[in-house]
Structure formats: C-alpha cells, structure tokens
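Reviewing the structure listed below.
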Amino acid sequence: MALDTNSEDRSLNPAKGERSEHRGGARNGRTERLGIGNKHVMTLQWHGNRPPEEATEVMALGEFYQSHQVLPHANVYLDNIPKQHNKIKGKCVCLKLWINEEGWEAWIDHDLSLHKGMGKKRGSSSGDSDHAKWPCGPMESSFVFSKWPSVMFSEPKDKIQLQFAKTRVVEQTGKVEVQWKVGEVHVEGEICRTPLGQGKSKHVYALTIGEMAYVAKHFFNIGKGEGIVTVDENASQLEAEIWRVKRGQWFWKWFKETAHRHHREIATDIQFVEAILAQEDLRHGSEPSVASHTSSKCVEDSDCRAIYWLLEEQRTLVVNNYSYTLSHLSAFTHFTWMHSQNTLLFADMQGSPARGSDGQPVEILFDPMTHSPTEDTGLGDYDQQGIDAFISQHRCNKICEK
C-alpha cells in the first residue's frame with residue numbers, strides 16, 4: 001500500500017503484513033483497522049484522488065482490498081499505481097493519506113492539554129515526559145457524514161440538458177401516473193462517458209447536477225444480447241421501472257401501517273429508493289451523450305423521440321441481495337400478493353446501505369422486479385412461473401400472521 005502524506009511517500013504490501021502509521025494492515029495474525037481521525041485533520045484517498053467506497057475506511061486492510069476488488073470498476077482503484085511503486089509484487093493498494101498539519105498539531109496539543117498531570121506511570125522518572133501519553137478512556141468522535149465532491153472524478157464528461165417527468169401515485173388505488181409537461185424547465189448536468197458500474201441489464205453512469213451527485217441508469221441488455229436495445233425499448237423498460245419503484249413505495253407504506261395495526265414489529269430502517277424519470281433533451285441541436293450509446297437519427301426514428309434515463313442519488317456500490325430470505329421482506333412480498341388481490345408480487349429484492357434524510361443508517365431498496373399473471377410489469381416478470389416459485393419457497397413468519 002502506498003501511503004502519501006504531505007511530507008513522505010511509503011510503500012506497503014498487505015501480503016507481507018506491512019502496516020502504515022495510521023493502522024491499516026495486519027501483523028502477527030491480529031487485524032488492525034483503517035482508523036481515520038477527525039475529517040478536518042486526515043483524509044484517505046486512492047491514488048488519483050478518488051475516495052474509497054462508502055464505509056470501507058473502517059475495514060481491515062484485507063477486507064478493504066476485497067471490497068474494492070469485487071466491484072465492476074475495480075481496475076479504477078487497483079490498477080491505478082504510480083510509477084515509483086509499479087514493481088511491487090503481489091496484491092497492492094495505493095492510497096494517499098492527506099494530513100492537515102495545522103489541524104494535526106492543534107489536535108495533538110488539545111489532547112495533551114487534557115491529560116497533562118494525570119499521574120505518572122509506575123517506574124517513570126520525575127519531570128515532564130518528552131512523549132505523549134495517549135488516553136485509554138472512551139473517545140468522542142467529531143465525524144460528520146458528508147458526500148465527496150464530484151470534482152474528484154476526472155473522467156471525460158458530456159454536458160446534457162434534462163427534463164424530469166412528473167410522477168404521482170393515487171393514494172387510494174396505488175395507480176402510478178407519469179406526465180411530461182410541454183415547456184417544462186430543463187436542468188443542465190454533466191454525465192460521465194464511461195460507466196461507473198453495471199448490472200445484468202443496465203449501465204450506471206455518474207451524473208452531477210449542480211452540487212448533487214446522481215447515478216443515471218440506462219438499459220443495455222433486455223434479453224436479446226448486449227447493446228441490442230432500441231431507444232423505444234429503453235424508454236419502455238425505464239417507465240416500467242419507475243412504475244415498480246413508485247408501486248413499491250406505496251405497498252411499503254401500507255405494509256408498515258398494516259403491521260402497526262396488528263402489533264407486528266418490522267424494520268424501520270428500510271425504504272424504497274427515490275427515483276426520477278428523465279429525458280435527455282436534443283431539441284436545440286445537441287448530439288446525444290456518449291453514455292446514451294445512440295445517435296440523433298435513432299432518436300428521430302423512434303416513437304418516443306427521446307433518450308430516457310432513470311436517476312437516483314449516488315450511493316455506495318455495495319449490494320445486498322435478499323430475495324425471500326429476510327423475514328421482513330418475505331412478509332412484504334406476501335403482503336403485496338394479498339393486498340393486490342393476487343395480481344402483483346415483488347421479487348428479487350436488493351438494497352444498499354445509505355443515510356436517510358435524518359442522517360441515520362438505512363437500507364435503500366432499488367431495481368425491484370415484480371411478477372404478475374399477465375407478465376406486463378417489465379423485465380424480470382416471469383408471470384405465473386415466478387409467482388409459483390415464491391409460493392413454493394415462502395414460509396410464513398410471525399409478521400405474516402394476522
């Protein structure tokens with residue numbers, strides 16, 4: 001691991017058990033944690049000024065390496081090695097630890113002033129010690145969660161104009177309505193030309209609008225092969241996805257209310273993602289973004305005559321797949337089947353850790369798939385076959401019981 005502070009550069013190899021001064025390695029079988037202190041004093045970054053994935057700074061070095069190695073864009077982290085360290089053999093991570101010298105000195109001086117005169121260690125000589133005596137009592141953290149600024153990403157980008165759809169859910173029925181208003185105000189954003197990641201069917205691109213960081217999703221595979229997706233097919237599948245997300249929010253609300261009425265405890269730290277359906281505007285003669293993988297002619301020849309995107313706030317790329325294994329989500333799937341009068345069933349539940357509006361940790365459910373008897377809810381709808389699979393696997397738990 002290459003550690004670059006303001007004054008020195010050191011090379012460390014996790015395979016040899018070497019460790020840095022900020023406790024980021026393993027030694028004698030004992031795992032040390034990546035402990036980054038006050039954010040105004042120290043900041044950890046990959047070489048190239050890219051921040052680590054969210055919540056990985058506190059992992060052991062081996063866990064830290066593995067968490068980035070499994071990502072679709074792992075090469076952005078692991079292959080970005082400065083020339084002076086490219087001869088290191090074995091697994092290697094190259095990190096920068098930026099230290100604010102004034103902040104560091106103020107932090108140390110403050111700590112020493114708190115513990116000066118607390119008594120001498122048995123056998124120590126009289127007089128002031130030349131070395132700091134670090135406290136062994138509880139530590140108070142001053143960490144404040146914040147998003148990394150988008151300027152740290154240096155990939156080529158395209159400026160695009162976006163129009164947002166108006167979506168609403170009818171409270172009584174759960175019907176989802178999507179409207180595009182003529183003359184709606186457009187917003188300008190910047191979208192990266194290369195994907196930030198990808199799933200089985202969609203590419204994910206980093207998008208910034210002002211100071212907000214988003215991901216923009218676009219279909220590249222709907223079962224006919226990679227890259228074989230028309231402008232209309234992408235639009236249709238993204239409309240189906242915003243429908244599933246909004247329906248998921250509606251069902252989750254009723255699920256919580258029903259559980260409360262029946263005195264059933266369910267997780268309060270789970271919520272469906274907030275998503276926005278958007279169109280890339282080409283009305284003023286601009287060319288489609290590189291990320292859209294289409295041409296002006298393809299857009300003109302399409303029925304929708306627009307490039308569709310699904311936007312979500314940028315989160316960690318860590319994905320937790322639940323399917324029907326988590327009792328709360330298994331009961332939720334059971335609830336949607338009953339509450340929809342046997343017409344809809346949520347499947348393939350997956351989420352990622354994030355922070356809610358109140359700053360507390362939450363699990364964000366995204367990219368939901370559904371099954372229906374009519375097979376008309378979008379990609380991943382396996383009609384009665386999918387429904388039968390759930391019924392055969394599901395075992396009612398205490399939440400399901402009325």
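The values are calculated or read from the model by the stated rules, or taken from the named source; none is laboratory data. All values reported here derive from a predicted model rather than from experimental measurement. Heads up, the Cβs are rebuilt from the backbone with ideal geometry, glycines too, and the neighbour counts pull from every protein chain shown. Please note that ligands, DNA and RNA were not included when accessible areas were found on the heavy atoms of the full protein model with its side chains. Shrake-Rupley method; radii C 1.70, N 1.55, O 1.52, S 1.80 Å.
Taken over region 155-180, the criterion of being open to solvent by 40 Å² or more (accessible area, probe 1.4 Å) and touching a helix residue (DSSP H, G or I) at 6+ places or on another chain (Cβ under 7 Å) is satisfied by Thr167, Val169, Val178. Kindly check whether there is at least one residue in region 250-259 that is in a strand (DSSP E or B), open to solvent by less than 40 Å² (accessible area, probe 1.4 Å) and at pLDDT 95 or above. No, every residue in region 250-259 fails to be in a strand (DSSP E or B), open to solvent by less than 40 Å² (accessible area, probe 1.4 Å) and at pLDDT 95 or above. Would it be correct to say that Glu300 is touching a residue at least 24 places away in the same chain (Cβ under 8 Å), under 24 Å from Phe164 (Cβ atoms) and of a type outside the set (Gly, Ala, Ser)? No.
Among residues of region 177-200 that are free of Cβ contacts under 8 Å to residues at least 60 places away in the same chain and within 22 Å of Lys166 (Cα to Cα), those with a beta-carbon under 7 Å from a residue that is open to solvent by 70 Å² or more (accessible area, probe 1.4 Å) and of a type outside the set (A, V, I, L, M, F, W, C) at least six positions away or on a different chain give the pairs Glu177/Arg168; Gln179/Lys166; Lys181/Lys166; Glu188/Lys159; Glu190/Lys159.
Selection of region 370-386 for residues being among the β-branched types (Val, Ile, Thr) and either on the phi > 0 side of the Ramachandran plot or within 29 Å of the chain's Cα centre (by Cα) (or both) yields Thr370, Thr377. Looking only at residues in region 330-360 that are under 15 Å from the mean Cα position of the chain (by Cα) and outside any loop (DSSP other than H, G, I, E, B), the one that is nearest to Gly378 (Cα to Cα) is Gln350. Out of the residues in region 264-281 that are open to solvent by 50 Å² or more (accessible area, probe 1.4 Å) and modelled with pLDDT under 90, which is farthest from Ala216 (Cα to Cα)? Of everything passing the filter in region 264-281, Arg264 is farthest from Ala216 (Cα to Cα).
Filtering Leu365, Leu311 for residues that are of a type in the set (A, V, I, L, M, F, W, C), open to solvent by less than 30 Å² (accessible area, probe 1.4 Å) and closer than 20 Å to Ala267 by Cβ leaves a single hit, Leu365. Just so you know, in region 259-296 the residues that are hydroxyl-bearing (Ser, Thr, Tyr) and out of contact with any helix residue (DSSP H, G or I) (no Cβ under 7 Å at 6 or more places or on another chain) include one that is farthest from Val229 (Cα to Cα), and it is Thr268. Against the test of being in a strand (DSSP E or B) and open to solvent by less than 50 Å² (accessible area, probe 1.4 Å), the options Val245, Val229, Val299, Val215 yield a single qualifying residue, Val215.
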